[in-house]
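The values are calculated or read from the model by the stated rules, or taken from the named source; none is laboratory data. Computed from a predicted model, the values in this text were never measured in an experiment. Here Cβ is always computed from backbone atoms with ideal geometry, including for glycine, and neighbour counts include all displayed protein chains. Surface accessibility is based on the protein's heavy atoms, side chains included, excluding ligands, DNA and RNA. Shrake-Rupley method; radii C 1.70, N 1.55, O 1.52, S 1.80 Å.
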Amino acid sequence: MFRERVFADASSSYEDADFVMFGVPFDATSSFRYGSSEAPDVIRKASYNFETYNDFFNIDLTDLHIHDLGDLDLDTHTGDMLHAVHDVATMIIRDGKVPIILGGEHTLTYSCVRAFTEASDNPPDFGVIVLDAHLDLRDEYLGAKQSHACVSRNIIDDLTDNCVLIGVRSGSAEEYAHAKEKGVLWHSADKVDDAGIEPVIREALDALSDRGCKRIYLSIDTDVIDPAYAPGVGNPEPFGLSPRDVRDAIRIAAPYTCGFDLVEVNPGYDRGESAMLGARLVREFIAAKSVRTC
Ligand code: MN
Ligand code: MN
């Protein structure tokens, strides 16, 4: 681990913390443009822009117990990254705290979900909600099985099919066919636009609850947001969700959430607005989770 600065208001010790954050500066399987490895530190810097007080929840983040471990010390080996994320997530879960992971590319989510799977009853009593423009259901991509483009496929095939994808608007013909064949639960960005985010996220939570899930892991691939608002991502995809949609999804899902990540911010491709939005969404999750418990 190395740490230049902590996320704003992450002033608690590890022992006292309810929320424990760490960064994963890894983008070695990026397919279109590199740079998400810079995101954890840029998101931390951006976090100081905001007031400590959250008016919607009437809570001040300085009153909460948040710890920032810093960033994993990584090279470009995907397997090493996955092991490191798994080990740290396992420690945080074992210690009864809520892990918050700052990516880095989406590949890391697999290890967080694996850590929860191992810590869960059998059959698993938790599910996964992924907000993403992309299906990420490829069997392999550019010769790699552990790639950001395969992360939902790997979670569903290896770990749990209690998984719902929201905000989808991109995938190969094979990925859409695979989703249909396997009964993957997913909702398009157009559906969110038509129906509103609230019924969509509630439908996802109900579907997971019907399968016996008591808790969820929430993964936000920042490219779910329209590139007009978040152009600094690895694979921008038009016709996306609004920042307000994603904030509302976080507010509704937070009470059920046992872990959270925000991935794929790529700070080299904008003027700071994507990392700023990412930092704000992380802060919204912390506020929402601390106030709303199920
Ligand atoms: Mn993704
Ligand atoms: Mn994506």
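Below is a table of values for the structure above.
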read-out: Among residues of region 105-122, those that are more than 16 Å from ligand 2 (Cβ to nearest atom) and closer than 22 Å to D75 by Cβ, counted; value: 4
read-out: In region 268-278, the residues that are modelled with pLDDT of 95 or more and assigned to a helix (DSSP H, G or I); value: E273, S274, A275, M276, L277, G278
read-out: Scan of region 1-43 for residues that are of a type in the set (S, T, N, Q), farther than 23 Å from A288 by Cα, in contact with a Leu (Cβ under 9 Å, 6 or more places away or on another chain) and in a loop (DSSP other than H, G, I, E, B), ordered by number; value: T29, S31
read-out: Pairs, first more than 17 Å from H106 (Cβ to Cβ) and free of Cβ contacts under 8 Å to residues at least 40 places away in the same chain in region 246-273, second among the β-branched types (V, I, T) and open to solvent by less than 10 Å² (accessible area, probe 1.4 Å), C-beta under 8 Å, six or more apart; value: I250/I220
read-out: Pair list, Cβ < 6 Å and 6+ apart or interchain, from region 205-218 residues that are touching a residue at least 40 places away in the same chain (Cβ under 8 Å) to residues that are part of a helix (DSSP H, G or I) and among the small types (G, A, S); value: L218/A253
read-out: Filtered residue count, region 171-187, keeping only those that are under 19 Å from the mean Cα position of the chain (by Cα) and open to solvent by less than 30 Å² (accessible area, probe 1.4 Å); value: 2
read-out: Test: residue in region 4-23 that is of a type in the set (K, R), over 19 Å from the mean Cα position of the chain (by Cα) and closer than 20 Å to R283 by Cβ; value: yes
read-out: Failed criterion for L281 (all others in (1) assigned to a helix (DSSP H, G or I); (2) open to solvent by 30 Å² or more (accessible area, probe 1.4 Å) hold); value: (2)
read-out: Region 123-149, residues that are modelled with pLDDT of 95 or more, away from ligand 2 (no atom under 11 Å from the Cβ) and outside any strand (DSSP E or B); value: L137, R138
read-out: Options S219, S242, S209: the member that is within 17 Å of the chain's Cα centre (by Cα), modelled with pLDDT of 95 or more, of a type in the set (S, T, N, Q) and away from ligand 1 (no atom under 16 Å from the Cβ); value: S242
read-out: Residue check, L135 within 17 Å of the chain's Cα centre (by Cα) and over 25 Å from D41 (Cβ atoms); value: yes
read-out: Some residue of region 34-49 being at pLDDT below 95, closer than 30 Å to E140 by Cβ, open to solvent by 40 Å² or more (accessible area, probe 1.4 Å) and not β-branched (V, I, T); value: yes
read-out: Residue within region 206-219 that is open to solvent by less than 10 Å² (accessible area, probe 1.4 Å), part of a helix (DSSP H, G or I), under 29 Å from Y269 (Cβ atoms) and of a type in the set (A, V, I, L, M) present; value: no
read-out: Qualifying position, being acidic (D, E) and under 21 Å from G103 (Cα atoms), among E181, E264; value: E264
read-out: Residue in region 54-83 that is surrounded by the fewest Cβ atoms within 10 Å (Cβ to Cβ), counting only those that are in contact (Cβ under 8 Å) with a residue 60 or more places away in the chain and of a type in the set (A, V, I, L, M); value: I59
read-out: Selection count, region 84-106, where residues are buried (at least 18 other Cβ atoms within 10 Å of the Cβ) and outside any helix (DSSP H, G or I); value: 9
